[in-house]
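**Q** My questions will all concern the structure given below.
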Amino acid sequence: MNAVPLRKEEFFATPSQDKEEGASLLPAAGTDGAKEETASVKPARSLPFGIKLPAPRDAFDALWPPFAGIGAFLALWALAAPLVQTSLGALPGPGDVWSAFTGLMDENAAARISAAEAVSAGYSYTGPPTFVDQIFTSLETVAAGFVLATLFAVPLGLVAGMSKRVNAAINPLVQVMRPVSPLAWLPIVTMVVSASMTSDDPTLAKSFVVSAVVVMLCSLWPTLINTAIGTASIDKDLIAVGRVLRLGWFARLTRLVLPSSLPFIFTGMRLSLGTGWMVLIAAEMLAQNPGLGKFVWDEFQNGSEKSLARIMVAVVVIGLIGFALDRIMMALQSFVSRNRTV
């Protein structure tokens, strides 16, 4: 008997194909057992944009190790926290941090009610920003700095990757300026922004501009370097094809260079966003931009018995937001590169 090879498409056929081809693939006898076996193999459920849900067993195997690690960390934290004594008392445990978080949320809800009452009475709310307000301020600041860094780094990286002379010209500057700390940039940026923004009522607050510019200066280098490397590492055969087809500079850039270097660009953007988020906290502390950095600094200066727990709430929130931003960039990279063709 000769074995007939089956293609992958025959195992994942559409419902109409199953009905038409089932007679030739399945024996006439024992159809009930065949139906039960076919029904037991269900295709993975899919969501919009082609996202498929994993099988329950695969999801369990993927999720239990991180949950076990987080549980072990929380248990170790709860046991070790009472043993660490500070000037403000024992180090807060997970329960204390959660209580501080709920307290901050209660303060935010009360501020929202007060703001609504002030607006309904015809007044403007002048209360201090809440913890949630400071989170959004930090997100706006890092977004502004990240966008400025991307708009500067990606074009320059493309040019440097396509031209060895440009790459040789800017490489020393990049290597010298890349390790500079945000604490060194902050005084210079503060003086420049203060001299440039002389209006009594500027559209953007000076502290916001200072923090965003510092984030840009410290976060553009990963995108610049990765873009240049990705552009320079394009397959030489593609460049030869572009010359044969007599493609212009812009056509080569959009049809050959960008699609090929897209993974490198997004890798650099992910690194830049992570760097910018770390730099932002230090910049907001010193520039007094009303974000998470200022929240941490104010609580440190406050020195109350709740300050340490509230600072740890900010630390946890900063880490979770950084993780979420990285996941968002990964999803955006997958979406943009889904139908990438060269």
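The values are calculated or read from the model by the stated rules, or taken from the named source; none is laboratory data. Fair warning: this is a prediction, and the values are worked out from it, not measured in the lab. Positions of Cβ are generated from backbone atoms using ideal geometry, with glycine treated the same way; all protein chains shown enter the neighbour counts. These accessible areas exclude ligands, DNA and RNA; they are computed on the full protein's heavy atoms, side chains included. Shrake-Rupley method; radii C 1.70, N 1.55, O 1.52, S 1.80 Å.
**Q** Can you tell me which of 90-103, 118-131, 307-320 comes out highest on packing, and rank the rest after it, using the mean Cβ neighbours within 10 Å? Show your work: numbers first, answer last.
**A** Numbers: 90-103: 16.8, 118-131: 11.3, 307-320: 18.9.
The packing order, highest mean first, is 307-320, 90-103, 118-131.
**Q** Can you sort Glu305, Glu107 by solvent-accessible area, 1.4 Å probe, largest first? All intermediate terms of the calculation are to be shown ahead of the outcome.
**A** Working: Glu305 155, Glu107 90 Å².
Heavy-atom accessible area, descending, gives Glu305, Glu107.
**Q** Would you kindly work out the equivalent ellipsoid of region 211-342 from its C-alpha gyration tensor and give its semi-axes, the square roots of five times the eigenvalues, largest first in whole Å?
**A** Numbers: eigenvalues 368, 42, 15 Å².
So the equivalent ellipsoid measures 43, 15, 9 Å along its semi-axes.
**Q** If you don't mind, another one. Arrange the peptides 184-197, 211-224, 53-66, 140-153 so that the one whose residues have, on average, the most other Cβ atoms within 10 Å appears first. Kindly include the intermediate steps, with their values, before the conclusion.
**A** On the way: 184-197: 14.9, 211-224: 26.8, 53-66: 10.3, 140-153: 20.9.
Per-residue mean Cβ counts within 10 Å order the peptides as 211-224, 140-153, 184-197, 53-66.
**Q** Then there's this: Of all the accessible heavy-atom surface of region 205-276, with the other protein chains kept in place and a 1.4 Å probe, what percent is carbon and sulfur?
**A** 68 percent
**Q** With the Cα gyration tensor of region 172-213 giving a ≥ b ≥ c as the square roots of its eigenvalues, does the rule (a/c under 1.5 for rounded; else a/b larger than b/c for prolate; else oblate) give rounded, prolate or oblate? The partial results should precede the final answer.
**A** Numbers: a/c = 3.06, a/b = 2.74, b/c = 1.12.
Prolate, since a/c reaches 1.5 and a/b exceeds b/c.
**Q** Another question, if that's okay. Explain nothing, just compute: Karplus ³J(HN,Hα) = 6.51 cos²θ - 1.76 cosθ + 1.60, θ = phi - 60°, for every residue of region 103-114 in order, whole Hz, x for Gly and Pro.
**A** Working through the residues one at a time gives x, 5, 5, 5, 4, 5, 5, 5, 5, 5, 5, 5 Hz.
**Q** Can you work out ³J(HN,Hα) from phi for every residue in region 268-283, in order, using Karplus 6.51 cos²θ - 1.76 cosθ + 1.60 and θ = phi - 60°, giving whole Hz and x for Gly and Pro?
**A** x, 5, 4, 5, 5, 5, x, 5, x, 5, 5, 5, 4, 4, 5, 5
**Q** Show me, for region 120-130, the HN-Hα J-couplings you get by feeding each phi into the Karplus relation (A = 6.51, B = -1.76, C = 1.60, θ = phi - 60°), rounded to Hz, glycine and proline as x.
**A** Working through the residues one at a time gives 5, 7, x, 10, 9, 6, 10, x, x, x, 7 Hz.
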